[in-house]
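Here is the structure we will look at.
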Amino acid sequence: MAFPNVSDIVTTTIEKRSKKIQDNVTKNNALLTYIKDKGNVRTFSGGSLIYEELSFAENGNVGWYSGYDLLPVAAQDVLSAAQFDIKQAAVPIIQSGLDDLRNSGPEQMIDLMEQRIKVGEASMANLIAQGIYSDGTGAGGKQLVGLDAAVPLVPATGTYGGIDRATWAFWRSKFTAGGALTAGTIQGAMNAMWVSLIRGMDRPNLLVMDNLFWSMYMASLQPQQRFTDPAKANLGFPTIKFMDADVVVDGGIGGFATSNTCFFLNTKFLSFRPHSKRNMVPLNPNRRYSINQDAEVQILAWAGNMTCSGAQFQGRLTKT
């Protein structure tokens, strides 16, 4: 049987790897890995916006009564939804006619496609990992809306998810400028941030640090025994603990973690929302040829956003 056309190789290879690409994207970023572990990678199927339903006030009818007291039954407006735009990302996988001629054998062709798709995977993973820490204004506002918008430096101003923080206090995250923190003072600052984010059983379950914060926190633990979570280490992120929350470094070589920053996150209220039909998949199965070049391209595409349903449970501690 004749060896298939290169177009078929590009298409089928991308299709076979699409699920792996999804997994690689989450594993490339500690925050997305934890969100996935909590079951908060949730697809949506359509609409012009992504909605996150939330409660923003108590029911004012609650109260004590005795015997035949009349009970209040006034209508209560206690539910709303944050709204997030659909953002898009793509990485083209390109094959020229000359490459086709040079790699005429089946093994060479497959190896070439595999390597190019791996580069495409890594590029997409890095793009989304960078977006996870952004405020969504990059690329002319086309970028993913990340932690810099969900947990900003000035929590009482601006609009996030369509809700005005200046008006609604429940939608404000916590921010503390820790000043010139040291290994001797960092745990006190972390304690203060931690306690400001607790509500009953709700509390931070993940602390994400850049290289500097991680090193400083590790230095503060030198006289003590450190406990790690083997399960998280198996995901590629060695962890230590603060209270009962995992602490991870998301910096390293070429990392995108915000400098001089520790995010205190409750991932119960954070979600990664890809579209069900555009989650690291080929844009379409048809061949795409250049009009004025001897080349063709297949496009790996993603659409969605990162969302939040509880901004008041997220915190940000910085060092100057």
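The values are calculated or read from the model by the stated rules, or taken from the named source; none is laboratory data. This structure is a prediction, so every number in the text was calculated from the model and none was measured. Because the Cβ atoms are built from the backbone with ideal geometry, glycine has one as well, and the counts that use them run over all protein chains shown.
Give the residue that is nearest to ALA30 (Cα to Cα), with candidates limited to residues of segment 174-209 that are of a type outside the set (A, V, I, L, M, F, W, C) and in contact with a strand residue (DSSP E or B) (Cβ under 6 Å, 6 or more places away or on another chain).
Among those that are of a type outside the set (A, V, I, L, M, F, W, C) and in contact with a strand residue (DSSP E or B) (Cβ under 6 Å, 6 or more places away or on another chain), it is ASN205.
Name the single residue, out of those in segment 258-281 being hydrophobic (A, V, I, L, M, F, W, C) and at pLDDT 90 or above, that is nearest to the chain's Cα centre (by Cα). Give the derivation first.
Taking segment 258-281 as the starting set, the residues that turn out to be hydrophobic (A, V, I, L, M, F, W, C) are 262-265, 269-270, 272, 280-281.
Now restrict to residues that are at pLDDT 90 or above: 262-265, 269-270, 272.
Values: CYS262: 15, PHE263: 13, PHE264: 14, LEU265: 12, PHE269: 12, LEU270: 8, PHE272: 6 Å.
So, considering only residues that are hydrophobic (A, V, I, L, M, F, W, C) and at pLDDT 90 or above, the one nearest to the chain's Cα centre (by Cα) is PHE272.
How many residues are of a type outside the set (D, E, K, R) and either in contact (Cβ under 8 Å) with a residue 60 or more places away in the chain or in a helix (DSSP H, G or I) (or both) when one looks only at segment 156-191?
So the answer is 22.
Out of segment 194-245, which residues are touching a helix residue (DSSP H, G or I) at 6+ places or on another chain (Cβ under 7 Å), buried (at least 19 other Cβ atoms within 10 Å of the Cβ), at pLDDT 90 or above and within 20 Å of LEU32 (Cβ to Cβ)?
PRO204, LEU206, VAL208, MET209
Out of all the residues in segment 192-202, which are closer than 11 Å to PHE264 by Cβ and in contact (Cβ under 8 Å) with a residue 12 or more places away in the chain?
ALA192, MET193, TRP194, SER196, LEU197
Could you please find all residues in segment 68-100 being surrounded by fewer than 12 Cβ atoms within 10 Å (Cβ to Cβ), at pLDDT 70 or above and either under 34 Å from the mean Cα position of the chain (by Cα) or among the charged types (D, E, K, R) (or both)?
Listed by number, the list holds a single entry, ASP69.
For segment 156-165, state whether one or more residues are surrounded by 16 or more Cβ atoms within 10 Å (Cβ to Cβ), more than 21 Å from the chain's Cα centre (by Cα) and either more than 18 Å from VAL247 (Cα to Cα) or modelled with pLDDT of 90 or more (or both).
Looking for residues that are surrounded by 16 or more Cβ atoms within 10 Å (Cβ to Cβ), more than 21 Å from the chain's Cα centre (by Cα) and either more than 18 Å from VAL247 (Cα to Cα) or modelled with pLDDT of 90 or more (or both), one finds at least one in segment 156-165, hence yes.
Among the residues of segment 192-211, how many are in a helix (DSSP H, G or I) and within 30 Å of GLU53 (Cβ to Cβ)? Break it down into steps so the answer makes sense when it comes.
Keep residues of segment 192-211 that are in a helix (DSSP H, G or I), which gives 192-195, 211.
Filter once more, keeping what is within 30 Å of GLU53 (Cβ to Cβ): 193-195.
Summing the residues that are in a helix (DSSP H, G or I) and within 30 Å of GLU53 (Cβ to Cβ) in segment 192-211 gives 3.
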